[in-house]
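Presented below is the structure to which this report refers.
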Amino acid sequence: MKASGINDVPEELLSEIFSECLPVDCLKIGLSPTEAPIVLTHVCQKWKRTVFESPGLWKWIQVQLSDKKFKHAILGSMCQLIERVKARELNLQIFHHRVSSNAQQAIASPNAMAMLALPLASSLTRLTLIRVPIEHIEAVSPAFFPRLERLCLEMDGNHEWQKWGKPLVSFQHSPSLHYLAISPWSLDRNMNLNIILPHLSQLTHLFLGLGFCENGATAFFTHILPQCTQLRFLHIPLREDDLGIPEVSSPPSHRLEKMEALVLYYYHGLAGYPPFFDRFTFPNLTSLRVKAEELDFSTGEWTPQSAQRFLAKVSTFQKLDQLSIRSDMGMTLFSLIRWFKAAKNITTLELSVPMDYEGYEELFGELSVLYPENSHLVKLRSLILEFQPDFRLHDPGLNDPLNATLFTEFVQHRLNSSPPENGLKKVVLIAKQETMDELDVLVQASEVCGRLGTGFLVERIIIKDEEEGEDTYSKKERRNLWVEREPTLQNWKEVTATLPVH
């Protein structure tokens, strides 16, 4: 009897096997001849045909370009390769690595937009363009992207916008576009959005990166945000011009009913009350994330008036379920308690604050108190502690270990004080390996607590060390793990490309 060989495997099964050969991170799937899916086409004609006729292998494609390494002929070969693919949905990412500050050299490089994006326009559902010259993007206009749902666009700086002198029109015929990430410089000096869309009301997710407006976001709050009536998610950077308590207060004039998640990213060293809070109400907001160098209300950056007003606004978010606080500098327990009182009904708390082990012991002790007059966050079900990559829990020269007793008491009190379905369910520890080693006492204590409480667990997530030659995108991904945890950003991982490294 003839032995069954690989050639006898049905193409449907081969396709499933090939899908397991792809990089685990879908954003790393590219056109390298030494990696899947391309390397699979070099084996035999059957494999080559199967690869090209398997749409699932081609949903994600990343193209890395540079001014010097790529020639038009190479990009042309890529174009012919991709055109053979019968993908029904395609996520295309084009990274243009500028090796020279000479804008003319970048413009003279191969135009991936014209050679790749335009021929595939009818299949594109997602498009990420990083540092692609404006001239290359506008070369495809007016284009029609009937299925484009998600667009991430990072330009190379304000000088390119000023030189171009007019808004992008390449995506004005994108009727399905709902997710938009722009960084930086998306507002011009006349307070107009530098990209023309069919209707701002069609956007459900708007991600504005740092530097998106040289003079602050006032124009955005006045002219653009009121038109985004269907917005569910907003990431907004705040500059100095965006902060301060207005001299005259007026009732909110805009109500964003659909808004579920808001991320406030204070620009370097800034803090304070954002006046746009006075113009808008968010009756259905469930997630609030605040990132700043300083979020401790006892410092000079926060005046008593601005802190009180900010927390008063937070307390109006009646449906707030998740609070994330990320501060580059430490915070006192008193300031944390003020946050807890303003967001008293949350079930998920994320903290990324460089406190020493004594600070965390005080935090566990405070959260263990569940008497009605002194309790905080009585509905808490998930506690996420992210230890920033450059932070050590304590001085390596000291031998004092982290005391797990207060952590154990915190968990036990939470488990015993509420019905099982309402009590604490999970603690997540996120840190580099050396910090995680210091946290092992908490993990060991959780094993005891796990036997006391039904379904309670402690999850550990290791932050990878920076690798030699690591690309910028990988650094951004490692430094912005919160993107994967934000419910309203699920399945939009490529937005990380528009975030800062730090």
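Looking at this structure, is C213 crowded, with 22+ Cβ neighbours inside 10 Å and at pLDDT below 90?
Yes; evaluated as a whole, the condition is true for this residue.
Residue by residue through region 311-329, note down the ones that are surrounded by fewer than 16 Cβ atoms within 10 Å (Cβ to Cβ) and out of contact with any helix residue (DSSP H, G or I) (no Cβ under 6 Å at 6 or more places or on another chain).
A312, T316, Q318, K319, M329
Output the residues belonging to region 287-309 that are in contact (Cβ under 8 Å) with a residue 40 or more places away in the chain, under 20 Å from the mean Cα position of the chain (by Cα) and open to solvent by 40 Å² or more (accessible area, probe 1.4 Å).
Selection gives nothing.
Give region 404-437 a look and list any residue that's outside any loop (DSSP other than H, G, I, E, B) and modelled with pLDDT under 75, or say none.
S417
Considering only residues that are farther than 17 Å from L92 by Cα and in contact with a helix residue (DSSP H, G or I) (Cβ under 6 Å, 6 or more places away or on another chain), look in region 16-56 and name the one that is surrounded by the most Cβ atoms within 10 Å (Cβ to Cβ).
V51
May I ask you to list pairs of residues, at least six apart or on different chains, whose Cβ atoms are under 6 Å apart, with the first in region 47-64 being closer than 20 Å to W492 by Cα and the second being assigned to a helix (DSSP H, G or I) and open to solvent by 10 Å² or more (accessible area, probe 1.4 Å)?
Taking only residues 6 or more apart or on different chains, the pairs are G56/S19; W60/C26.
Name the residue that is modelled with the lowest pLDDT, counting only residues in region 1-15 that are among the hydrophobic types (A, V, I, L, M, F, W, C) and surrounded by 13 or more Cβ atoms within 10 Å (Cβ to Cβ).
Going through the qualifying residues, I end up with V9.
Which condition does L177 not pass, out of (1) in a loop (DSSP other than H, G, I, E, B); (2) farther than 19 Å from M259 by Cβ; (3) open to solvent by less than 20 Å² (accessible area, probe 1.4 Å); (4) at pLDDT 85 or above, if it passes all the others?
(2)
Within region 234-247, identify whether any single residue is within 15 Å of the chain's Cα centre (by Cα) and at pLDDT below 90, and answer yes or no.
yes
Please go through region 443-470 and pick out each residue that is at pLDDT below 75, within 28 Å of the chain's Cα centre (by Cα) and open to solvent by less than 30 Å² (accessible area, probe 1.4 Å).
V443
Residues are listed down the side, and each one gets a yes or a no for (1) farther than 17 Å from V353 by Cβ; (2) in a loop (DSSP other than H, G, I, E, B):
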{"residue": "T229", "(1), (2)": "yes, yes"}
{"residue": "A271", "(1), (2)": "no, yes"}
{"residue": "W302", "(1), (2)": "no, yes"}
{"residue": "I325", "(1), (2)": "no, no"}
{"residue": "G330", "(1), (2)": "no, yes"}
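So L336 clears everything in (1) in a helix (DSSP H, G or I); (2) touching a Ser or Thr at 6+ places or on another chain (Cβ under 7 Å) except one condition, right? Which one?
(2)
Answer with yes or no whether V483 is modelled with pLDDT of 75 or more and touching a helix residue (DSSP H, G or I) at 6+ places or on another chain (Cβ under 6 Å).
It is true that V483 is modelled with pLDDT of 75 or more and touching a helix residue (DSSP H, G or I) at 6+ places or on another chain (Cβ under 6 Å).
The values are calculated or read from the model by the stated rules, or taken from the named source; none is laboratory data. Every value quoted in this text rests on a predicted model; they were computed, and no experiment measured them. Note that we place each Cβ from the backbone using ideal geometry, even for glycine, and neighbour counts take in every protein chain shown. Accessible surface is based on the protein model in full, side chains and every heavy atom, while ligands, DNA and RNA are left aside. Shrake-Rupley method; radii C 1.70, N 1.55, O 1.52, S 1.80 Å.
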